[in-house]
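A quick write-up on the structure given underneath.
The values are calculated or read from the model by the stated rules, or taken from the named source; none is laboratory data. Quick caveat, the model's predicted, so the values are computed rather than measured. All Cβ positions, even for glycine, are placed from backbone atoms using ideal geometry, and neighbour counts span all protein chains on display.
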């Protein structure tokens, strides 16, 4: 369990100044509370989005599901990464990668830095575990500060409707997505 000290504005998160936010691996017993957070934080149609269809019926990538909790033990944020194939390379081999999402923060704690903390943790752990790239569909101005761009997704497609300018990638290993083309597909373990 790691305590996140930087960029968390405890007052905006509804906490006392001396309270802390911890970011740690999600536990199985937290799934119901996480799902309740998603219901509060996400748009009503989030389960029908193409990204969610890639995640449906799958388990998150090993060691890459995180929650942010306050000292009282309430989940204020969540993020998960999922195993996918980012198309195929020039030799016809599937390109392993990760799909990020959803990243969600309790509406009462928006702008407190919890989302930033979750993103930094997810990227750092994915890099440490040796993954080559992370893809996502999201708000480009938000995710660009973490290094995500649309440059490496130009030759990739999602298996359903999506907005091209929101389809972004971050290479954790330089050149990992070079030559990758075609459809993104789920590759993770089934739930």
Q: Return only the number of the condition from (1) within 12 Å of the chain's Cα centre (by Cα); (2) within 26 Å of residue 182 (Cα to Cα); (3) modelled with pLDDT of 95 or more that residue 115 does not satisfy.
A: (2)
(Q) Cβ-Cβ distance below 8 Å, separation of 6 or more or different chains: which pairs start in the stretch 14-30 with a residue that is within 24 Å of residue 102 (Cα to Cα) and end on one that is part of a loop (DSSP other than H, G, I, E, B) and modelled with pLDDT of 95 or more? (A) 25/63; 26/60
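Within the group 154, 104, 133, which residue is more than 21 Å from residue 26 (Cβ to Cβ) and in contact with a helix residue (DSSP H, G or I) (Cβ under 8 Å, 6 or more places away or on another chain)?
Working: 154 fails: in contact with a helix residue (DSSP H, G or I) (Cβ under 8 Å, 6 or more places away or on another chain); 104 fails: more than 21 Å from residue 26 (Cβ to Cβ).
Going through 154, 104, 133 in turn, the sole match is 133.
Conditions tested, residue by residue: (1) surrounded by fewer than 22 Cβ atoms within 10 Å (Cβ to Cβ); (2) more than 22 Å from residue 189 (Cβ to Cβ); (3) in contact with a strand residue (DSSP E or B) (Cβ under 7 Å, 6 or more places away or on another chain).
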{"residue": "36", "(1), (2), (3)": "yes, yes, no"}
{"residue": "44", "(1), (2), (3)": "yes, yes, no"}
{"residue": "56", "(1), (2), (3)": "yes, no, no"}
{"residue": "60", "(1), (2), (3)": "yes, no, yes"}
{"residue": "73", "(1), (2), (3)": "yes, yes, no"}
{"residue": "79", "(1), (2), (3)": "no, no, yes"}
{"residue": "86", "(1), (2), (3)": "no, no, yes"}
{"residue": "89", "(1), (2), (3)": "yes, yes, yes"}
{"residue": "92", "(1), (2), (3)": "yes, yes, no"}
**Q.** Any strands (runs of 3 or more DSSP E) falling wholly within the stretch 97-191 and containing at least 1 residues that are exposed (fewer than 14 other Cβ atoms within 10 Å of the Cβ) and touching a residue at least 24 places away in the same chain (Cβ under 8 Å)
**A.** 181-186
